[in-house]
1. Quick check: is even one residue across region 183-193 touching an Asp or Glu at 6+ places or on another chain (Cβ under 7 Å), farther than 21 Å from Ser111 by Cα and modelled with pLDDT of 85 or more?
2. Show the residue pairs that are 6+ apart or on different chains and have beta-carbon atoms under 9 Å apart, the first residue being within region 14-27 and part of a loop (DSSP other than H, G, I, E, B), the second being open to solvent by 90 Å² or more (accessible area, probe 1.4 Å).
3. What is the residue count in region 101-116 for residues that are β-branched (Val, Ile, Thr) and either open to solvent by 80 Å² or more (accessible area, probe 1.4 Å) or within 19 Å of the chain's Cα centre (by Cα) (or both)?
4. If I ask for residues that are open to solvent by less than 50 Å² (accessible area, probe 1.4 Å), in contact with a strand residue (DSSP E or B) (Cβ under 6 Å, 6 or more places away or on another chain) and under 17 Å from Leu205 (Cα atoms), which ones from region 142-169 would you list?
Amino acid sequence: NLKPGSTITLKVYEDFDKSTMISANTYQVHDDSIMFDDYQWEDQNFWFGVYTIDPYLKLNNNFIVFLSEVTATVIEVVVNNSSGVFRIGRLFIGDTFSPKVNMEFGAGIGSNSSTSVEESLSGVEYFNQVDSHRTLEFTFPSLDSQEASLLLSLSRRGISEEFIVSVGDYTNLIEYYNQTFPCRFESVNPLTCKFVNNFSQAFKLKEKI
C-alpha cells in the first residue's frame, strides 16, 4: 500500500559486508489499496482499527523473478517514495525452467470463480462470494530430452506442489504482474514423444490464493 510512483530497488550482494554487488534492479510498484467499503461489518478494522491479515490476502502479490542462477549472501530491499504499509513476503529458492522454444500459439489466461448463486422464489439472487483465481493453459510444442526430463520431474510432484509461473513481458508492468503468480497443476498432462528427441507437453495451471 504505497504512494503512486513508489519504486522498489532490489540489491543483491555476494558477501555480508556488501562490498561486491551482483545486481541492482529497480521496479515500479504496482500499488493496491483497500477501500473502506471493502471491509465487512464484522471485520476488526471496521470497528476497532485493528489490522488483521485477512483483508490483505485480497491484494495482488508482486513478484520479482530471477530467471538466471543467482549466488548471493545478502538481498537488500530499498523502498523509495514510500508512505504506508508494505510487506516483504516469501523468498522462493529453487530451479527455474525456461524453454528453448516458446509456447505455441493459442495459450490462454483467464479467471475462474467458485462463487455460487441461489435464487429465491421471488427471483432475488443471492451470491456466496468466493474470490476468483487465475488459470493458465499453454503447450510447449518442442522440447529436447533434457527439457522433457526436467518437466517430467516437475509433473511427478502432483497437483499439491506450489511453484511460480511467469509469462509476462517484463517491459509491460501490467502484463507482467497479471501473468506472474503462485500456482499448482490443475491437471497433470502426459509428456508426448513426437519423434526422436522431440517432445511436447500441455499444461493447465491454477492460481493458489
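The values are calculated or read from the model by the stated rules, or taken from the named source; none is laboratory data. Everything numeric here is computed off the predicted structure, so don't read it as measured data. Neighbour counts are summed over all protein chains in view; Cβ atoms, including those assigned to glycine, are modelled from backbone coordinates with ideal geometry. SASA here: full protein model, heavy atoms, side chains in, ligands and nucleic acids out. Shrake-Rupley method; radii C 1.70, N 1.55, O 1.52, S 1.80 Å.
1. No, the conditions are met nowhere in region 183-193.
2. Glu14/Met21; Glu14/Thr71; Thr20/Glu14
3. Adding up the residues that qualify gives 1.
4. Passing the criteria: Leu151, Val165, Ser166, Gly168.
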